[in-house]
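The values are calculated or read from the model by the stated rules, or taken from the named source; none is laboratory data. On a predicted model such as this, the values are computed, not experimentally measured, just so you know. Neighbour counts are summed over all protein chains in view; Cβ atoms, including those assigned to glycine, are modelled from backbone coordinates with ideal geometry.
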Amino acid sequence: MTEPEEATPAFGRARSGERNSSFHHSYIVCTAVSLLFMPIIAILVPILYSHWSSLLPYAHLSLQRAKLGTVLNNPASFPEPPYVLFSSRVVLPDRFIQPAYIFINNQGSIAIVQQSPSWSLVWKTIVDVSPHVVMPGLIDPHVHVNEPGRTSWEGFEYASRAAAAGGTTTILDMPLNNIPSTLNHKTLAQKINALASTKSYVDIGIIGGITMPHVPFLTELLDGGVLAFKSFMVDSQSKDFPNVSKKNLKEIIGALDRLSSEPGAVSKPIPYILHAELDLGPDEEDERNRRASDYNHRCYSDYEASRPSSWEVEAIRYAADIANNSNVHIHIAHVSAFEALELLREIRWGNRLKKAIVTAETCPHYLMWAKEKIALGGTLFKCSPPIRSDDNRKLIVHQAFQDDASSRAIDLIASDHSPCPPELKTTDGNLTEAWGGISGLQYRLQATWTAAHAMNASLSRVAELLCEVPARLFGIDNMKGFLKAGLDADIVIWDPESSQVLTEDKCHHRHKLSPYHGLKVRGIVLRTLLRGRSIYNSQGTSMHERVQFDARLGKLLFRSSKTGLSRSIAPDEWKSAITRK
Ligand SMILES: *[C@@H]1O[C@H](CO)[C@@H](O)[C@H](O)[C@H]1NC(C)=O
Ligand SMILES: *[C@@H]1O[C@H](CO)[C@@H](O)[C@H](O)[C@H]1NC(C)=O
Ligand SMILES: *[C@@H]1O[C@H](CO)[C@@H](O)[C@H](O)[C@H]1NC(C)=O
Ligand SMILES: *[C@@H]1O[C@H](CO)[C@@H](O)[C@H](O)[C@H]1NC(C)=O
Ligand SMILES: [Zn+2]
């Protein structure tokens with residue numbers, strides 16, 4: 001039999017003095033030992049915890065997350081920063097697509113990007129948008145907003161709303177089609193005033209125009225914070241934006257070179273965008289154009305033949321030749337001809353440039369359509385340079401999405417959104433009379449992804465073309481274009497697997513005429529965030545619910561002429577931002 005004393009637990013009734021003292025003894029030892037171990041345990045547990053979770057297969061992460069913070073799945077209303085955005089598919093720099101937690105701070109900046117949950121996320125709101133893709137907000141460096149002067153054509157309000165609906169968080173506004181064109185300090189001030197009073201949903205960078213004899217205005221535009229310059233080498237359709245001649249181009253490139261060689265000048269030259277077509281007359285060899293009487297004003301192929309690819313090739317050859325030995329950055333806008341890309345490839349990869357940098361963009365419409373398939377009177381497709389053959393289209397698509405980076409000539413894809421009122425497109429199908437410009441700002445991600453997917457290209461390549469390279473080339477990669485700590489939390493959340501037929505009723509452009517309507521595309525934009533705040537939400541039942549009308553928080557991107565670094569300011573801070581006298 002067991003004696004009663006022995007069955008009594010040590011911390012039970014104490015019967016004898018001896019037992020009592022041994023109890024006290026072990027109690028003290030236990031307490032001392034645990035006190036000793038407590039700091040070690042306090043250090044070890046979180047370490048084990050976070051490492052443990054990184055060892056777990058992905059399926060377990062949601063469990064870990066639920067323990068760590070308040071998880072909002074499919075939130076009807078999005079939180080204001082600070083919060084943590086999580087997805088199983090985040091497009092990170094250096095071509096990584098991984099699960100990641102993005103901590104967005106009070107200022108709407110990305111504070112931390114981490115692959116696994118940790119104690120730093122405790123008590124934070126975690127918005128889980130898995131399995132949708134989280135990508136940097138798109139940067140569209142070629143948009144004709146048309147304000148001031150032609151707000152009835154588009155304007156900051158409609159353009160920036162359409163941008164938001166398409167996942168775009170920054171647009172660069174072209175200096176022409178607005179009246180007056182943005183050519184000097186005075187007209188730049190008019191542009192900024194218009195932006196300040198209209199207000200934008202997304203951030204706006206301004207491009208200054210260079211026409212002749214306007215070289216003296218280069219400095220005042222630079223001091224005004226423009227992100228780039230632009231000239232036309234062929235008629236621009238805008239009366240107050242005459243094209244430059246070959247001789248002018250030499251002078252301008254010379255002036256830009258001198259500016260960048262001044263003592264204390266910014267070492268990275270500002271991009272000089274060229275509409276690169278030289279009017280050489282119609283292609284002699286084209287059968288259809290031998291006699292003017294054969295020309296059909298409603299036939300797209302005839303329109304295309306009137307601006308042959310040789311116009312692009314000769315313009316690029318000329319510009320590269322005169323820029324060759326200067327410290328300038330020439331950016332070729334909207335390349336549509338494969339021959340032009342071949343020349344760019346040869347110039348760049350054949351090391352044919354002594355000092356200059358030459359980069360190039362193409363547009364979604366050159367990836368989507370071919371002249372043979374455009375019906376008679378297809379004025380919605382009129383743009384310059386024109387949409388070319390299907391063989392040409394296939395080669396451009398291949399160039400844009402192929403894996404071999406060392407032979408690419410396309411750096412980025414821009415919309416060249418150039419809308420107009422309907423009456424300028426409904427010209428009885430007469431392509432000669434119709435306005436040249438395609439309305440497509442809202443559809444840039446979907447069109448690009450549709451073409452990319454058909455080529456088995458990765459989401460990372462899409463982010464390069466639409467976000468990363470535009471940020472880098474236009475000098476705003478210190479703020480935008482990548483999901484990494486320190487940059488603005490400008491983000492698009494989208495579903496790349498679903499498809500959608502594009503329709504007028506979901507179109508946010510001021511005028512609904514667009515060749516994209518009726519087209520089935522891949523990818524749906526679910527939500528767009530500017531500095532962490534939701535500015536577009538696909539789940540709203542009306543246009544007003546989808547775009548957050550109270551969220552016109554877009555800023556002006558201002559490039560310092562002294563440092564070459566850009567920053568974002570409120571449009572009405574523009575005057576005080578100009579420092580150099
Ligand atoms: C415009 O460019 C064309 C070549 O595309 C050239 O022939 C013409 O002289 C230029 N116009 C002006 C005003 O320089
Ligand atoms: C630049 O100049 C070099 C040396 O004169 C020449 O070989 C090269 O072809 C030129 N490049 C272009 C694009 O004209
Ligand atoms: C189309 O417009 C051009 C330019 O205004 C004009 O010369 C031509 O006669 C028109 N053609 C037709 C078929 O309407
Ligand atoms: C894309 O991948 C699919 C499936 O692997 C393949 O059948 C198709 O040929 C690929 N397309 C291209 C353009 O590489
Ligand atoms: Zn344009």
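Would you pick out the residues in the stretch 235-266 that are charged (D, E, K, R) and not in a loop (DSSP other than H, G, I, E, B)?
Result: 246, 247, 250, 251, 257, 258.
In the stretch 440-464, which residue that is of a type outside the set (A, V, I, L, M, F, W, C) and touching a Pro at 6+ places or on another chain (Cβ under 8 Å) is farthest from ligand 3 (Cβ to nearest atom)?
It comes out as 453.
Can you go through 234, 266, 244 and tell me which one is away from ligand 2 (no atom under 16 Å from the Cβ) and touching an Asp or Glu at 6+ places or on another chain (Cβ under 8 Å)?
On inspection, the qualifying residue turns out to be 234.
So that you can scan it fast, the table gives a plain yes or no per residue for (1) aliphatic (A, V, I, L, M); (2) in contact with a His (Cβ under 9 Å, 6 or more places away or on another chain); (3) more than 16 Å from ligand 4 (Cβ to nearest atom):
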{"site": "418", "(1), (2), (3)": "no, yes, yes"}
{"site": "426", "(1), (2), (3)": "no, no, yes"}
{"site": "442", "(1), (2), (3)": "no, yes, yes"}
{"site": "448", "(1), (2), (3)": "no, no, no"}
{"site": "458", "(1), (2), (3)": "no, no, no"}
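Mind counting the residues in the stretch 315-348 that are within 13 Å of ligand 2 (Cβ to nearest atom), farther than 23 Å from residue 388 by Cβ and touching a residue at least 12 places away in the same chain (Cβ under 8 Å)?
6
Can you tell me which residues in the stretch 461-477 are β-branched (Val, Ile, Thr) and farther than 11 Å from residue 448 by Cβ?
469, 476
Confirm whether residue 523 is assigned to a loop (DSSP other than H, G, I, E, B) and among the small types (Gly, Ala, Ser).
Judged against the criteria, residue 523 is not a match.
Being under 19 Å from the mean Cα position of the chain (by Cα) and among the small types (Gly, Ala, Ser) narrows it down to one of 514, 560, 534, 542, so name that one.
Among 514, 560, 534, 542, only 534 is under 19 Å from the mean Cα position of the chain (by Cα) and among the small types (Gly, Ala, Ser).
Which condition does residue 387 not pass, out of (1) crowded, with 23+ Cβ neighbours inside 10 Å; (2) not in a loop (DSSP other than H, G, I, E, B), if it passes all the others?
Among (1) crowded, with 23+ Cβ neighbours inside 10 Å; (2) not in a loop (DSSP other than H, G, I, E, B), residue 387 violates only (2).
Considering only residues of the stretch 215-234 that are in a loop (DSSP other than H, G, I, E, B) and closer than 19 Å to residue 333 by Cβ, which is farthest from ligand 4 (Cβ to nearest atom)?
226
For (1) in the same structural domain as residue 272 (by TED's automatic domain parsing); (2) surrounded by fewer than 24 Cβ atoms within 10 Å (Cβ to Cβ); (3) more than 16 Å from ligand 4 (Cβ to nearest atom); (4) within 30 Å of the chain's Cα centre (by Cα), each residue gets a yes or a no:
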site	(1), (2), (3), (4)
293	yes, yes, yes, no
298	yes, yes, yes, no
313	yes, yes, yes, yes
328	yes, no, yes, yes
331	yes, no, yes, yes
357	yes, yes, yes, yes
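Just to be sure, is residue 426 of a type in the set (Val, Ile, Thr), more than 13 Å from the chain's Cα centre (by Cα) and assigned to a loop (DSSP other than H, G, I, E, B)?
yes
Going by what's in this entry, would residue 528 be described as surrounded by fewer than 17 Cβ atoms within 10 Å (Cβ to Cβ) and among the β-branched types (Val, Ile, Thr)?
Criteria not met by residue 528.
Inspect all residues belonging to the stretch 270-285 and state whether any of them is assigned by TED's automatic domain parsing to the domain that holds residue 567, under 14 Å from residue 331 (Cβ atoms) and over 24 Å from the mean Cα position of the chain (by Cα).
Within the stretch 270-285, not a single residue is assigned by TED's automatic domain parsing to the domain that holds residue 567, under 14 Å from residue 331 (Cβ atoms) and over 24 Å from the mean Cα position of the chain (by Cα).
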